[in-house]
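The values are calculated or read from the model by the stated rules, or taken from the named source; none is laboratory data. This structure is a prediction, so every number in the text was calculated from the model and none was measured. Because the Cβ atoms are built from the backbone with ideal geometry, glycine has one as well, and the counts that use them run over all protein chains shown. In case anyone asks, the SASA skips ligands and DNA or RNA and just uses the protein heavy atoms, side chains included. Shrake-Rupley method; radii C 1.70, N 1.55, O 1.52, S 1.80 Å.
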Amino acid sequence: MTSLLRVENVDTYYGLIQALRGASLEVQAGGIVALLGANGAGKTTLLKTVMGLLEDQPDKGEIFFDGQPIHGRETEDIARRGIAYVPEGREVFRELTVMENLKIGAYARRDAIGEDLEGIFRYFPRLLERRDQWAGTLSGGEQQMLAIGRALMSRPRLLLLDEPSLGLSPLLVQEIFDIVKSINTDGVTILLVEQNARMALSVASRALVMERGRFVLEGSAEEVAADPDVQEFYLGLATEESVKGFKRYRRKKRWR
Amino acid sequence: MDILGNLPQVLFSGLAAGSVYALVALAMVIIYRTTEVLNFAQGDMAMMSTYVGLGLLVAGGLPFFWAMLGALAFAAALGAFSEFAFLRRAKEPTVLGLIIITLGIEMIVFGFASWKWGGDPRDLPTPLSPADVVVIGGVIMSYLELATIAISATTISALFLFLNRSKAGLAMRATQQNRAVARLMGIRVRRVEMGAWALAAVIGGIAGLLVGPATTVEPYMMWDPMMKGFAAAVLGGMTSLAGAALGGAIIGIIENLFGFYVSTAFKSVVPFAAILLMLAIKPSGLLARHYVKKV
Amino acid sequence: MFQPLLRIAALAASVFAVALAPTAQAQQLTGVTDTEIHIAAWGPQTGPAAPWGAVTRGTAMLFQMVNDAGGIHGRKIVFHPFDDQYNPAKTVAGVKELVEKAPGIFAMASGVGTSPGLAVKDYLMERGIPWVGPAAGSLHWVTPPQKALFAMYPLYADEAKLLVRHLVDKEGKKKIAIFYASDEYGENGHRGAMAELTRLGLKPAVEVSVNQADRDLKSHLLKLKDSGADAVLMWVNPTHAVITLKTAAALQFSPQWATSSTLSDAVMMQAITGGLWKNMIYASFGELPDADVPQVKKYRDAFAKYAQQGERWGVFFMAGIGFVEPLVEGLQRAGRDLTRDSFIKAMESIKGYKGVMGRVTFGPGERQGQREIFLARTDDTGTKVTQLTPWAEVK
Amino acid sequence: MDMKRSYYRDLRLFDTWPLGLWLVVCAALLALVPFFAGNYLMYVLGYIAINAMVALGLNVLVGYTGQISLGHAGFFAIGAYATVLLAKAGVPIPLALVAAAFIAAAFGFLLGLPALRLEGPYLAVITLGFGLTVENIFAKAEFFGGATGPSVPPFSLSLWPGFSREQNLYWLIMLCAGGTILAIRNLMRTRVGRAFVAIRDSDVAAACAGVDLTWYKTLAFAVSAAFTGVAGGLFAFHLGQVDPTTFNLMLSILFLAMVVIGGVGSILGPLLGAVTISLLNLKLKGLKLADFEQIPLAGKEIAGFISRHFMETGMANIQFIVYGGILVLIMVFEPLGLYGLWIRAKRYWRTWPL
């Protein structure tokens, strides 16, 4: 079985700054893959590189979706192949109504969308209530729901979720993640970037950890969760103390 | 001077003039919202389309309607070409740089048109003679002015319908709001931008075809309407279509009121004074809904 | 770091400066060789005033005709027209460049516009370079008279006076409104009309000015109409004249229109107004372009042979010929020993010369060569023109 | 409108000393021009220098403070009229020029007030309106000489014994232009200059850092207007005539084009831009049909095609196409303008042959 998304040895630059250093990953169809890492590790950059959102990037390396090369393609074409990306910070079209936002999600399709709309409203009943409201007037959580709903309208095979929990209350985070899980159950493969590692690992089947533009750890969600470094740095389960009473962050070096 | 007796006539005249400004303003707003460019070539693109219409009509011998349609088709092509050939090529464009590019396009179009057709004014014959008028309640309305107002109103309504009801219009609005995310939706934003330029050029072209019969066809025919259109767009808030339409009407009426009741000498300055006043009170323009500054 | 450098540079500069103490102006170039006479003219071929560029092209055709007929006393005229876009900064640059580059310029011919002309007048006069037939009816050329400046264009103010006189005396108009462009041309017409009205003991019905850039003249025309004027003196450019007539038609306003020589090209005006150029009274300083007199026919025939593609036989083109005819005449009279002084002397000997303009007379103190104008009128169809008055000087 | 992010790059002009040496040599050469050259060269150089002063002044606004102005022809006109009217009233010319600077600055300050709340197209339209208003008022008011403008008194200043009027004027223009360069360079190194740049990069952040926006934004307008006003005064004498219609929108656009084409936010940039645009303006002349016949191979055919499809009388308009083409090409390929090209060329040669 071929993998749905394969990233091979990708280098990405912002001007002179290298953000990805030979990053490689594979996402198999069906599961939820969580991508963990600290701020600036290159998680969002990886997603943007996959989507072709960065001009002239990737500088090096190859990206395949469903066996077809997509690196160097236009974002529009990549999106039309069946990858949907929910960007960090929601980025809904603030001056379009909820309904219009959803419709624009299905822009690249020509078949009927009524059914899909019903599906979305089943996931997010609250959007139905607010269907004629400007998206900019929604609350953060509702906007996140809208962003996910909009992405689903294109009937993607792969959904890239960037920090869905950002700035949301714990209750809402729980709600969103439940929905993410059920979306996955309905057949959409998900690549999930999260700072909230605990939540991410609870829904994911596999997980990867990024550090400074490269992958340093990969495994099933349970394996990754069991990793002592992950426990210490991402899950906050400090286990040892140094002689001086300070945590030794330097241990990260081990992964190089 | 019969002060009040003339008022309806002045208002009507202002509205007729203003409806042309409104079209130019709409064209500028469409381009500004989609690509954040102040298109200073708008007027001269319309001028050139008018010449093409005149050529099709007189030299080509086409019937009036088809000649005008041909002019608008040419306008669309010219707009799309400008975007495709110049604006899109700019790498790392800055706002000022883009303005200078449109000025460059303006000069190229202007130079080409005056080379091809010369500087002498010409007449754009229309089925409507300027002397055909209808008098309603003491207000003399020429068919040409009535047609101008009607065509402008129709164009503006059609534009609203297009933007609010059609899928392409939706895509255009989405692109205006967030280009990157629009691409994520599978919208081919470059085509949308090219389409916006074409659309704007067509709307500007309609303005040109309305100015032509009322004045003359010559290389400078669109300078004044273009300035007023720009002013109208800013008055309306630069990002609001309804504002642009309203702004055009307001400027047409204000300057006619001022010209008639105060002085014709400073008539062309008044719209700008009005804008200064208005912006001093409401810096985002009449109908712009937001003016959020990115920090 | 700069101080020493600056000091050294300043020292070097002053040494150089002393060594090169101001030299006398380079020997003046006269623009005359054994076989050539160099003559220059500026005229807008581009920009808002481009329609006036035909003047320069008319001048060029006259010189070409002279050359093809064998030149002047064994010399050919080499003509250097240039496009100044009606921008004085460009006019000055062009004139200085031509005058100071070998072999120089013998004289300037025509030259469109008051403000470009004013920008170079002093420069030309200081160097004694003759200038014949500035293409603008301005008082500046002859007040005070300059030794080397020979003006041809009758004053706009005179035209306005004659028109007002005619409207009042012959047409019995009582309420005359003045509609004028807010530039030198329009103000001169305005001034002339006001002077004549005052002389006749009348007041204008209304005075309305229009800006060059305006394209919406409804409020202007409403004002004119509202004043109840039975005649309007229209002192505007061709484009504004068209808009004026169209707007007037739309407002059902039909006074007796009267206008200047600038709009005396009835054929063109009829064409660009879409047939509204009817019953128009206008002044003219030259024979009408389609007049059946030998002076005009000669050039009309030549036009068919020489004119560039896109050229039109009209009043501006013909004016370019008319303004410069005396220059050619002067060159002929000056003979083979051509100097600027001999040329000026020859010019002063021209009396009652008749070309396509009115009669031209120069003299030792007389630098306004032509003062004669006449009035004409188009008929109801706008196509036939009749002369209303004979050639006459306005007193 | 932010093109340059690094503050230190703003100051590049004299930073290396070979460059400083070159500048001194250039200045010396320019100073010597009247001793050997004719009026024409002096006229062209003077015209360029006047435009350069405006471009440098406008750059304080556009390049350093990040505002836009489509109305600088207005300040230019104010400077010209103020100088001429004062000189006619008997004020010595240097004093009249200084006064013109202050008068223009005062108007700049006034125009700067609405600029506090506006940016982008809003500011563009206000400044555009300002330019139109000034042009209209000068052309209408009898006091200012109406449509013909006031007559310009003869330039009577004597800077060097035996110099003609043109030579003296040339020196005065060059002195003023040199003074402008030094003044602006120094201004940008002061607290004021740093405040301007801070406003350009982010006015909110600048305000948070304690920059008084009201004062500095209006000051930028005033400073910019002052230099433009002096240039306008010099221009009146340079042309020997003041015509209100020359101070039109086209002129404002030309000034802006100088700054942007040259490269905003530097000193060399506006200089290069002023030289380029001035020369294009003076030197671009109309082509003739005969010129096309010179084209090798297909000359006759091309000329034939052109005469069939275009107006021969309109041929001079090809210069607009060239002009516009140059603007578009420069901006498309190098948004930092000629200055950017210069920097790139320098960088290329520095690392050559790598």
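Of the candidates A:Val33, A:Val193, A:Val203, which one comes out as most mobile in a Gaussian network treatment of chain A with C-alpha springs shorter than 10 Å?
A:Val203
Could you give the Stokes-Einstein D for the range D:246-336 in µm² per second, using the C-alpha Kirkwood radius, 10 °C, 1.306 mPa s?
D, rounded to a whole number, is 106 µm²/s.
Please compute the net charge surrounding A:Ile70, taking Lys and Arg as +1 and Asp and Glu as -1 over other residues with Cβ under 11 Å from its Cβ.
Combined, the nearby Lys, Arg, Asp and Glu give 0.
Per-residue mean of other chain beta-carbon atoms within 10 angstrom of the beta-carbon, peptide C:116-129?
That works out to 3 on average.
Most mobile of C:Lys298, C:Lys76, C:Lys354 per a Gaussian network model of chain C (Cα springs, under 10 Å)?
C:Lys298
Can you give the accessible area of D:Cys208 in Å² (nearest 10), computed on protein heavy atoms with a 1.4 Å probe?
Answer for D:Cys208: close to 110 Å² accessible.
Name the residues of the range B:215-240 whose accessible area falls by at least 30 Å² when all protein chains are present instead of the chain alone, probe 1.4 Å?
The answer is B:Thr215, B:Thr216, B:Glu218, B:Tyr220, B:Trp223, B:Asp224, B:Met227, B:Phe230, B:Val234.
Could you tell me, in Å, what Rg and Dmax come out for the Cα atoms of chain C?
Both quantities, over Cα of chain C: 23.5, 84 Å.
State the volume of the convex hull built on the alpha-carbon positions of the protein assembly as shown, expressed per residue in Å³ and rounded to an integer.
That works out to 213 Å³ per residue.
Over the range B:3-281, calculate the relative contact order: mean separation of alpha carbon pairs under 8 Å at least 6 apart, over the residue count, as a percent.
39
Under the Kirkwood approximation applied to all pairs of distinct alpha-carbon atoms, what is the hydrodynamic radius of the range C:301-360 in Å?
Hydrodynamic radius (Kirkwood, Cα only) of the range C:301-360 equals 13.0 Å.
Short version: ³J(HN,Hα) in whole Hz for each residue of the range D:120-126, in order, from phi by Karplus 6.51 cos²θ - 1.76 cosθ + 1.60 (θ = phi - 60°), x for Gly and Pro, what are they?
x, x, 5, 5, 4, 6, 5
Over the alpha-carbon set of the range D:36-264, work out the extent along each principal axis and list the three values in angstrom, largest first.
Taking max minus min along each principal axis of the Cα atoms, the range D:36-264 gives 57, 39, 31 Å.
Per residue of D:23-29, what is the mean number of Cβ atoms on other protein chains within 10 angstrom of that residue's Cβ?
Across D:23-29, the average partner-chain Cβ count within 10 Å equals 4.
Taking a temperature of 4 °C and a viscosity of 1.567 mPa s, what whole-number D in µm²/s does Stokes-Einstein yield for the range D:83-139 with Rh from Kirkwood over alpha carbon pairs?
The diffusion coefficient I find is 101 µm²/s.
Output the 0 to 90 degree angle, nearest 10, between the alpha-carbon long axis of helix C:114-126 and the longest principal axis computed from the alpha carbons of chain C.
The two axes meet at around 40 degrees.
How large, in Å, is chain A by the Kirkwood hydrodynamic radius built from its alpha-carbon pairs?
Mean inverse Cα-Cα distance, inverted, gives 19.0 Å.
Mind checking which of B:Thr154, A:Leu159, C:Asn87 is farthest towards the positive end of the protein assembly as shown's charge dipole, using Cβ charges of +1 (Lys, Arg) and -1 (Asp, Glu) about the Cα centre?
So the residue we want is A:Leu159.
D:Lys140: which lysines have alpha carbons under 23 Å from its alpha carbon, excluding same-chain residues fewer than 8 sequence positions away?
Leaving aside lysines fewer than 8 places away in the same chain, those within reach of D:Lys140 are B:Lys228, B:Lys267, C:Lys161, C:Lys203, C:Lys218, C:Lys223, D:Lys88.
Counting protein heavy atoms only and a 1.4 angstrom probe, how many square angstrom of accessible surface do chains B and C bury in total, to the nearest 100?
Accessible area lost upon association: around 3000 Å².
Does any residue of the range D:130-147 lose at least 50 Å² of accessible area with all protein chains in place compared with its chain alone, and if so which ones (probe 1.4 Å)?
Buried-area filter returns D:Asn136, D:Lys140, D:Ala147.
Take the Cα gyration tensor of the range D:25-92, multiply each eigenvalue by 5, square-root it, and list the three semi-axes largest first, rounded to whole angstrom.
26, 21, 10
What list of ³J(HN,Hα) values in whole Hz, one per residue of the range C:158-167 in order, does the Karplus curve 6.51 cos²θ - 1.76 cosθ + 1.60 (θ = phi - 60°) give from phi, with Gly and Pro shown as x?
For the range C:158-167, the Karplus-derived couplings read 5, 4, 4, 4, 4, 5, 4, 4, 5, 4 Hz, x marking Gly and Pro.
Tell me whether the range C:151-192 comes out rounded, prolate or oblate; compute the Cα gyration tensor, take square roots of the eigenvalues as a ≥ b ≥ c, and use a/c under 1.5 as the rounded threshold.
In terms of gyration-tensor shape, oblate.
Considering only the other residues whose Cβ falls under 12 Å of the Cβ of C:Pro238, what net charge follows from Lys and Arg at +1 and Asp and Glu at -1?
Net charge in that neighbourhood comes out at -3.
What do you get when you divide the Cα radius of gyration of the range C:80-157 by 2.2 N^0.38 Å, with N the number of residues?
1.02
Between the range C:280-352 and the range A:115-151, what's the alpha-carbon centroid distance in Å?
A separation of 82 Å, based on Cα centres.
With a 1.4 Å probe and every protein chain left in place, work out the accessible area per residue of the protein assembly as shown in Å², rounded to a whole number.
38
Which whole-number percent gives the relative contact order of the range A:94-154, counting Cα pairs below 8 Å spaced six or more residues apart?
It comes to 58 percent, rounded to a whole number.
Averaging sequence separations of C-alpha pairs under 8 Å and six or more residues apart, then dividing by the length of chain C, give the relative contact order as a whole percent.
Relative CO of chain C lands at 16 percent.
Any chance you could check the range C:46-73 for residues losing 20 Å² or more of accessible area when the partner protein chains are in, compared with the chain on its own (1.4 Å probe)?
The answer is C:Thr46, C:Gly47, C:Pro48, C:Pro51, C:Arg57 - residues whose exposure falls by at least 20 Å² when every protein chain is included.
Run the accessible area of the protein assembly as shown with a 1.4 Å probe and give the carbon-and-sulfur part as a rounded percent.
61
Which sequence of A:Leu96, A:Leu172 reflects their accessible areas, 1.4 Å probe, from the largest down?
A:Leu172, A:Leu96
Mind jotting down the three principal axis lengths of the range A:94-154 based on Cα atoms? Whole angstrom, largest first.
Sorted from largest, the Cα extents of the range A:94-154 read 30, 22, 17 Å.
Taking a probe of 1.4 Å and counting only protein heavy atoms, give the total accessible area buried between chains B and A in Å², rounded to the nearest 100.
Accessible area lost upon association: around 2200 Å².
So what is the 222 nm mean residue ellipticity for chain D from helices alone, if each DSSP H run of at least 4 adds -39500 (n - 2.57) and you divide by all residues, rounding to the nearest 500 deg cm²/dmol?
Value at 222 nm, helices only: -23000 deg cm²/dmol.
Using θ = phi - 60° and the Karplus relation 6.51 cos²θ - 1.76 cosθ + 1.60, list the HN-Hα couplings for the range D:338-346 in order, rounded to whole Hz, with x at every Gly or Pro.
For the range D:338-346, the Karplus-derived couplings read 4, 4, x, 4, 4, 4, 5, 4, 5 Hz, x marking Gly and Pro.
Let me know the mean shielding of D:254-266 by other chains, meaning the per-residue number of their Cβ atoms within 10 Å of its Cβ.
2
Straight distance only, please: which aspartates and glutamates reach the Cα of A:Lys103 with their own Cα at less than 15 Å, same-chain residues fewer than 8 apart left out?
Cross-link targets: A:Glu95, A:Asp111, A:Glu115, A:Asp116, A:Glu118, A:Asp132.
If you take the accessible area of C alone, add that of D alone, and subtract the area of the pair, what total do you get in Å², probe 1.4 Å, to the nearest 100?
Using a 1.4 Å probe, the pair buries roughly 3900 Å².
Could you state the per residue volume, in Å³, of the convex hull enclosing the Cα atoms of chain B?
148
Would you mind checking the tilt of helix A:114-123 against the longest principal axis of the Cα atoms of chain A, expressed as 0 to 90 degrees and rounded to 10?
Computed tilt is about 50 degrees.
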